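Following: one structure in structure tokens, then a few remarks.
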Amino acid sequence: MSASGYGLPEPDRPTIDVTRLWSGGLATAVVAALIGLVGVLVVRALFRVALHAPVDAGPFGGSGTAVLCALAAAAALAATGLVHLLLISTPRPLAYFGWIVGLLTAAAVVLPFLAGGSIGVALASAVIHLVIGMAIGSLVTGAAASATRAGAARRYGAGGQPR
């Protein structure tokens, strides 16, 4: 039986502009992949200058760079799916999303130090992971907020009056 069957008002569910949300998620995936690529380029350039020696792979690195970019894009799409699920199912969805992304980003930052490589490479990887996580968190949150505001704007007129 619904809440209205008991004389209670129906809960106010936000309207989600799914196209706007997922367009933002796709754009975030592109940005996250590019952060990975630019991060690798910057780190490789810094190591080359600091070591005064050529680095063993091409300017874009090896296959690890492509894997990093693909995983960053996939993480952005997964974050978009997660925020979509949270928007339709939980109270204060962006608060939960922020905690989830923050904790996953923290795990991604710590992970390179557990791999057993050099401290310089681990530190560089950790910084790249941190920037990718921060970008995904902020951009997907913004897309989600914009997608839910767009729904409210359709329901209500310019003066906040229901249409």
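The values are calculated or read from the model by the stated rules, or taken from the named source; none is laboratory data. All of these numbers come straight from a predicted model, not from anything done at the bench. No Cβ is skipped: glycine too gets one built from the backbone with ideal geometry, and neighbour counts run over all protein chains shown.
Only one residue in S89, S4, S63 is more than 30 Å from I119 (Cβ to Cβ), of a type outside the set (D, E), out of contact with any helix residue (DSSP H, G or I) (no Cβ under 6 Å at 6 or more places or on another chain) and modelled with pLDDT of 70 or more, so which one is that?
Criteria check complete, one pass: S89.
Among the listed residues A32, A50, which satisfies the condition of being under 30 Å from I88 (Cβ atoms) and at pLDDT 60 or above?
The conditions single out A32.
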